[in-house]
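Have a look at the structure below, then the notes.
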Amino acid sequence: MSLRRGCSVGALSGLALLAACAAPPPAPAPALAPAAAAPVVQIKPDPLPVTPVPVPQVVIVQSPPQPTPQQPPLPAAPPVNEEEQQALALLVDLQRYAVEAGEDLRRELAAANLALTRSRSDANRMRLAMLLTLPTAGPPDDARALSLLEPIVGRSGNASPMKQIASLLYAQITERARSVREEQRKPAVAQEKLDALRAVERSLLLERSRNAGGGGGGGGGGTGR
């Protein structure tokens, strides 16, 4: 009984499958139209209540100025000694005079005379005194040169640079003048010596002649006796 019922159930299942295969396929379902996009609604949030915040007062505190480092003071320039500068310039001129030619020295002598008439300064005195002793500048005039230097050399007080130069020039010119006088006296001294020798010679000749004359007179007197 149960076997028969099982077979009938199987037969029914097979007939159902065959009927499903023989039936036409179902029509496709119509395509659904795309749903319209929902409008975007922007929701503005309610503004929050703003509580004013008090702004603190800004106080600018300036730092005290820092003391700048003090630089050591620069050494003060030594005071200019005008007399020393004049002495140096004078020494340069005196050295230049010693090597210049005669024509240049004659121009320097004329310029020195003119400068002395304008200003009788110590430097102008010494320049002219030096030039007056140079034979190539003109006839030497030692006497005038010494007279120009005497006021500087005889000045009382400490020995300044100008006075030292004047003293040196004065000593050189004095020695030069002495040498010139000795050279000038040499012919006179030689002449004096020659005259003295001649005088001695004349005295000897006179004495000889006297002796000779006295001897002859004495011989004659003896013969007469």
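The values are calculated or read from the model by the stated rules, or taken from the named source; none is laboratory data. Since the structure is predicted, the reported quantities are computational estimates derived from the model, not experimental observations. Methodologically, a virtual Cβ is constructed for each residue, glycine included, from the backbone with ideal geometry; neighbour enumeration extends over all protein chains shown. Surface accessibility is based on the protein's heavy atoms, side chains included, excluding ligands, DNA and RNA. Shrake-Rupley method; radii C 1.70, N 1.55, O 1.52, S 1.80 Å.
Structure above, values below:
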quantity: Estimated FRET transfer efficiency when R0 is 35 angstrom, pair Thr117-Glu183 (beta carbons, to 0.05); calculated: 0.60
quantity: Separation between Cα centres of the stretch 95-133 and the stretch 163-190, rounded to whole Å; calculated: 20 Å
quantity: Accessible area of Ser167 in the full protein assembly, 1.4 Å probe (Å², nearest 10); calculated: 40 Å²
quantity: Dipole magnitude (debye, nearest 20) for the stretch 96-196, charges at Cβ of Lys, Arg, Asp, Glu; calculated: 340 debye
quantity: Counted charge near Arg118, where neighbours are those whose Cβ lies closer than 13 Å (Asp, Glu -1; Lys, Arg +1); calculated: +3
quantity: Cα-projected label distance for Ala190 with Ala171, points at 7 Å along beta-carbon direction, nm; calculated: 3.3 nm
quantity: Most to least packed among 105-111, 202-208 [average Cβ atoms within 10 Å]; calculated: 105-111, 202-208
